[in-house]
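Colleague: What follows is a structure written as structure tokens; I'll ask about it next.
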Amino acid sequence: MSRRAYRRIVNLLALGLSALATVIGLVFLGAILWTLVKEGVAGLSWAVFTQVTPPPGSANGGLLNAIYGSAILTVLGILFGAPIGVLAGTYLAEYGRGSALSSVIRFVNDVLLSAPSIIVGLFVYELVVVPMGQFSAISGAIALAVIAMPVIVRTTEDMLNLVPRGMKDASTAMGAYPWRTITSIAYPAARSGMVTGLLLAVARISGETAPLLFTALNNSFWSTDLKAPIANLPMVIFQFALSPYDNWQRLAWAGALLITFAILILSIFARTVVAKLGAGAGSR
Amino acid sequence: MSSAEALAKQLESQRLRERIFKGSTLAAAVLVLLLLGGVTVSLVHAGWLAFARFKLAFITRNIWNPVTNEYGALAAIYGTLVTSVLAMIFAVPVSFGIAVFLTELAPDWLKRPVGIAIELLAAIPSIIFGIWGLFVLAPLLQEHVEPWMDGHLGNLPLVGALFQGAPYGIGMLTAAIVLAIMIIPFISAVMRDVFETVPDVLKESGYGLGATTWEVIWKVVVPYSRAGMIGGTMLGLGRALGETMAVTFVIGNAHAISPSLLAPATTISAAIANEFTEATSPLYKSSLIGLGVLLFIITFAVIGAARLMLLRLNRRAFGSV
């Protein structure tokens, strides 16, 4: 075999394998989504949205309390996490630009971004649950906020850095203080990117289970009390999927289908629609 | 009131708002710093009981007995490291292939949808990987793959012990495969981004010399992006080490050290997830938090090193991976 033919064969083989790797990745995505649809659709019914989680073995029941709890935890998590995240990101991109403190904070934030979420759960357990003396919805929301925050810090900083320096300088030249420049010029210019980051943070925390294990815990009943344990989809899926009861397993799959597709739709929406809206405004 | 006074008043209010706004951004930024400090202090504090009681033996002993209140983390550390390393062996080549496909091979109309699809894999909650692993992957491995491994690979010299044993379906191998699927999107996203930073001129010089696409990738793109590739790989490793829910479903939760990859085991995070709410004695609870401290140290070192490597490259290129 000539040297040239050998090189061509190696080339084809390597490129073929890389295409195969991509197919493998897509097959896993397809396999997981297919399983969710196959198992989940069978468990979907109106009762899922109108009834609370049933006792084992009973015929009906739904996920109403878990859906409500997940929504509350996610909304509170973002409400706690987003303001701090946006402000911290603003400091890194504007006031602290280039300072040593910023570099350290940026590094710490990057580490927190990838830190295991179960560690966050243990931390909030020690910080909130132990002093309070019981598991509670509020501690779950705090744990989710701690997970959402680094994501928001990062996207806020990145998006503010994309705002052209000239726009900010123009505002400063007209006599505006930095706070005015940031809130009236930089934020609006970076808005779509920041919203994308926020939505991705929502997607990230709404499926988190590990940090809720020792904070929000779970609740078999309807509860809106923030100082008491609250039902939530990930914990219900965890508990029901591992149970031997048919009706619980069906509900676990239905919950898994709901939460996954909600997150996927949110992610796609954030990446395409919002990002595209921003492409017009952000690329002056 | 004269106009000069009005102006002075307005300036004063502007200055005040400036101080408030600047102060709150600084406070929020420092809070991020305090958060890491708070995590460290609170975990070490809560795990102190176990560390003080068992000293170094907490890390070196293979025992986990809530009845006699004896705890050593060796089995959990072993399970964590083995599953993560095995997951890397599966995930890194596949991620590299995906990154090559997306940057060098795919036609433009295919790049974006495939890229988004791979990113969506990262958006699926880990508990979904867990139930999928338990109800789909584990039976598949149990019926078709593990008996074959035991029969064909189990008798090989040296490596045979890795593949011996009853096919439970759940165990380190299953956990590693699930972990690999979960970290592929992270590693391939970083690799794709660093590949895209390779200047076209470098690649064109390669093609100009008559190199094939693969030769350009292997001899130009890869050497140029080495630091970023290692950084991305370690970021994936950090994820795998700390992943909880997916592993908890498929690892088998046995505090045991077995040479066989088919055997049930446990990891640090799975042990915490499984046992924490049942841990009644203070020493038991403290030991589980002590496990958390170990996990924190291991992942902090890996993620920190990865971030430092990536920091030297263009930061913007990596989005919020």
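The values are calculated or read from the model by the stated rules, or taken from the named source; none is laboratory data. Remember, predicted model here, so these are calculated numbers, not experimental data. Neighbour counts are summed over all protein chains in view; Cβ atoms, including those assigned to glycine, are modelled from backbone coordinates with ideal geometry.
Colleague: Taking helices (runs of 4 or more DSSP H) that do not extend beyond segment A:101-185, which have at least 3 residues that are touching a residue at least 60 places away in the same chain (Cβ under 8 Å)?
Modeller: Correct list: A:117-124, A:137-162.
Colleague: Can I ask one more? Among the residues of segment A:207-219, is any buried (at least 22 other Cβ atoms within 10 Å of the Cβ), of a type in the set (D, E, K, R) and in contact (Cβ under 8 Å) with a residue 12 or more places away in the chain?
Modeller: Checked against the condition, which is being buried (at least 22 other Cβ atoms within 10 Å of the Cβ), of a type in the set (D, E, K, R) and in contact (Cβ under 8 Å) with a residue 12 or more places away in the chain, segment A:207-219 yields at least one hit.
Colleague: So, in segment A:226-247, exactly how many residues are in a loop (DSSP other than H, G, I, E, B) and either in contact with a strand residue (DSSP E or B) (Cβ under 8 Å, 6 or more places away or on another chain) or more than 16 Å from A:VAL128 (Cα to Cα) (or both)? Spell out the reasoning first.
Modeller: First, the residues of segment A:226-247 that are in a loop (DSSP other than H, G, I, E, B): A:226-232, A:242-245.
Still in the running and either in contact with a strand residue (DSSP E or B) (Cβ under 8 Å, 6 or more places away or on another chain) or more than 16 Å from A:VAL128 (Cα to Cα) (or both): A:231-232, A:242-245.
Number of matching residues: 6.
Colleague: Mind listing whichever residues of segment B:141-182 are touching a residue at least 12 places away in the same chain (Cβ under 8 Å) and of a type in the set (S, T, N, Q)?
Modeller: B:GLN142, B:GLN164, B:THR174
Condition check ((1) at pLDDT 90 or above; (2) surrounded by fewer than 19 Cβ atoms within 10 Å (Cβ to Cβ)) across all residues:
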site: B:ILE230; (1), (2): yes, yes
site: B:ALA279; (1), (2): no, yes
site: B:LYS285; (1), (2): yes, no
site: B:ALA305; (1), (2): no, yes
site: B:ARG312; (1), (2): no, yes
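Colleague: List every residue pair whose Cβ atoms sit under 8 Å apart, with the two residues 6 or more apart in sequence or on different chains, where the first one lies in segment B:244-265 and is on the phi > 0 side of the Ramachandran plot and the second, anywhere, is part of a strand (DSSP E or B).
Modeller: Close Cβ pairs (under 8 Å, with a partner that is part of a strand (DSSP E or B)) amount to B:GLY252/B:ALA265.
Colleague: Separate question: Anything in segment B:62-93 that is among the aliphatic types (A, V, I, L, M), crowded, with 23+ Cβ neighbours inside 10 Å and under 17 Å from the mean Cα position of the chain (by Cα)? List them, or say none.
Modeller: B:ALA76, B:ALA87, B:ALA91
Colleague: Tell me whether segment B:251-266 contains one or more residues that are at pLDDT 90 or above, in contact with a helix residue (DSSP H, G or I) (Cβ under 6 Å, 6 or more places away or on another chain) and within 11 Å of chain A (Cβ to nearest Cβ).
Modeller: no
Colleague: Still on this model: Kindly indicate which of A:LEU264, A:LEU198, A:LEU257 is in a helix (DSSP H, G or I), facing chain B (nearest Cβ under 10 Å), closer than 25 Å to A:PRO83 by Cα and not β-branched (Val, Ile, Thr).
Modeller: From the options A:LEU264, A:LEU198, A:LEU257, the qualifying one is A:LEU264.
Colleague: Now, a different point. Using the structure shown, decide if B:LEU262 is closer than 25 Å to B:ALA46 by Cβ and crowded, with 24+ Cβ neighbours inside 10 Å.
Modeller: no
Colleague: So, one more: Within 14 Å of chain B (Cβ to nearest Cβ) and of a type outside the set (Ser, Thr, Tyr): which single residue out of A:PHE80, A:PHE49 fits that description?
Modeller: Of the residues listed, the single one that is within 14 Å of chain B (Cβ to nearest Cβ) and of a type outside the set (Ser, Thr, Tyr) is A:PHE80.
Colleague: Here's a follow-up. Under the condition of being in a helix (DSSP H, G or I) and at the interface with chain A (Cβ under 7 Å from one of its Cβ atoms), which residue from segment B:111-125 is farthest from B:ALA246 (Cα to Cα)?
Modeller: B:VAL114
The rows are residues; the columns are (1) at pLDDT 95 or above; (2) within 28 Å of A:PRO178 (Cβ to Cβ); (3) in contact with a strand residue (DSSP E or B) (Cβ under 9 Å, 6 or more places away or on another chain); (4) more than 10 Å from chain B (Cβ to nearest Cβ).
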position: A:VAL111; (1), (2), (3), (4): no, no, no, no
position: A:ALA115; (1), (2), (3), (4): no, no, no, no
position: A:GLU126; (1), (2), (3), (4): no, no, no, no
position: A:ALA145; (1), (2), (3), (4): yes, yes, no, yes
position: A:VAL153; (1), (2), (3), (4): yes, yes, no, no
position: A:ASN161; (1), (2), (3), (4): no, yes, no, no
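Colleague: Please state which of the following conditions A:ASN11 fails to meet, knowing it meets all the rest: (1) among the polar types (S, T, N, Q); (2) more than 26 Å from B:ILE116 (Cα to Cα); (3) more than 9 Å from every other protein chain (Cβ to nearest Cβ).
Modeller: (3)
Residues checked against (1) more than 14 Å from every other protein chain (Cβ to nearest Cβ); (2) closer than 29 Å to A:VAL146 by Cβ:
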| position | (1), (2) |
| --- | --- |
| B:PHE21 | no, yes |
| B:ALA29 | no, yes |
| B:GLY38 | no, yes |
| B:VAL44 | no, yes |
| B:PHE51 | yes, yes |
| B:GLY72 | yes, no |
| B:ALA99 | no, no |
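Colleague: Follow-up question, since we're still on this one. Output yes when any residue across segment B:157-170 is part of a helix (DSSP H, G or I) and within 14 Å of chain A (Cβ to nearest Cβ), and no when none is.
Modeller: no
Colleague: So, in segment B:286-308, exactly how many residues are among the hydroxyl-bearing types (Ser, Thr, Tyr) and either more than 10 Å from chain A (Cβ to nearest Cβ) or without any contact (Cβ under 8 Å) to a residue 60 or more places away in the chain (or both)? Show your work before the answer.
Modeller: The first filter runs over segment B:286-308 and keeps only residues among the hydroxyl-bearing types (Ser, Thr, Tyr), leaving B:286-287, B:299.
Keeping just the survivors that are either more than 10 Å from chain A (Cβ to nearest Cβ) or without any contact (Cβ under 8 Å) to a residue 60 or more places away in the chain (or both) gives B:286-287.
The total comes to 2.
Colleague: Please go through segment B:205-230 and pick out each residue that is facing another protein chain (nearest Cβ under 10 Å) and assigned to a loop (DSSP other than H, G, I, E, B). First the steps, then the outcome.
Modeller: Residues of segment B:205-230 facing another protein chain (nearest Cβ under 10 Å): B:210-218.
Correct list: B:GLY210, B:ALA211, B:THR212.
Colleague: Checking A:ASN219 against (1) touching a Gly at 6+ places or on another chain (Cβ under 8 Å); (2) outside any loop (DSSP other than H, G, I, E, B), only one condition comes out false. Which one?
Modeller: (2)
Colleague: Something else: Answer yes if at least one residue in segment B:53-74 is closer than 30 Å to A:LEU26 by Cβ, out of contact with any Pro (no Cβ under 7 Å at 6 or more places or on another chain) and hydrophobic (A, V, I, L, M, F, W, C), and no otherwise.
Modeller: no
Colleague: Being surrounded by 24 or more Cβ atoms within 10 Å (Cβ to Cβ), aliphatic (A, V, I, L, M) and farther than 18 Å from A:ALA210 by Cα is the requirement here; does B:LEU237 meet it?
Modeller: So B:LEU237 fits the description; yes.
Colleague: A further question on this structure: Name the single residue, out of those in segment B:19-61 being in contact (Cβ under 8 Å) with a residue 12 or more places away in the chain and among the aromatic types (Phe, Trp, Tyr), that is surrounded by the fewest Cβ atoms within 10 Å (Cβ to Cβ).
Modeller: Here the residue is B:TRP48.
Colleague: Turning to a different aspect of this structure: So, of the residues in segment B:288-308 that are in contact with a helix residue (DSSP H, G or I) (Cβ under 8 Å, 6 or more places away or on another chain) and among the small types (Gly, Ala, Ser), which turns out to be farthest from B:VAL41 (Cα to Cα)?
Modeller: Step by step, filter segment B:288-308, then rank; the result is B:ALA306.
Colleague: Inspect all residues belonging to segment A:69-77 and state whether any of them is within 9 Å of chain B (Cβ to nearest Cβ) and surrounded by fewer than 23 Cβ atoms within 10 Å (Cβ to Cβ).
Modeller: No: segment A:69-77 contains no residue that is within 9 Å of chain B (Cβ to nearest Cβ) and surrounded by fewer than 23 Cβ atoms within 10 Å (Cβ to Cβ).
Colleague: Here's another thing I want to ask about it. From B:ILE217, B:ILE268, which residue is among the aliphatic types (A, V, I, L, M), over 30 Å from B:LEU141 (Cα atoms) and touching a residue at least 40 places away in the same chain (Cβ under 8 Å)?
Modeller: B:ILE217 is the lone residue from the list that is among the aliphatic types (A, V, I, L, M), over 30 Å from B:LEU141 (Cα atoms) and touching a residue at least 40 places away in the same chain (Cβ under 8 Å).
Colleague: Sort out which residues of segment A:83-103 are more than 7 Å from chain B (Cβ to nearest Cβ) and in contact with a helix residue (DSSP H, G or I) (Cβ under 7 Å, 6 or more places away or on another chain), and write them in order of number.
Modeller: Within segment A:83-103, A:GLY85, A:VAL86, A:GLY89, A:ALA93, A:GLU94, A:SER102 meet the criteria.
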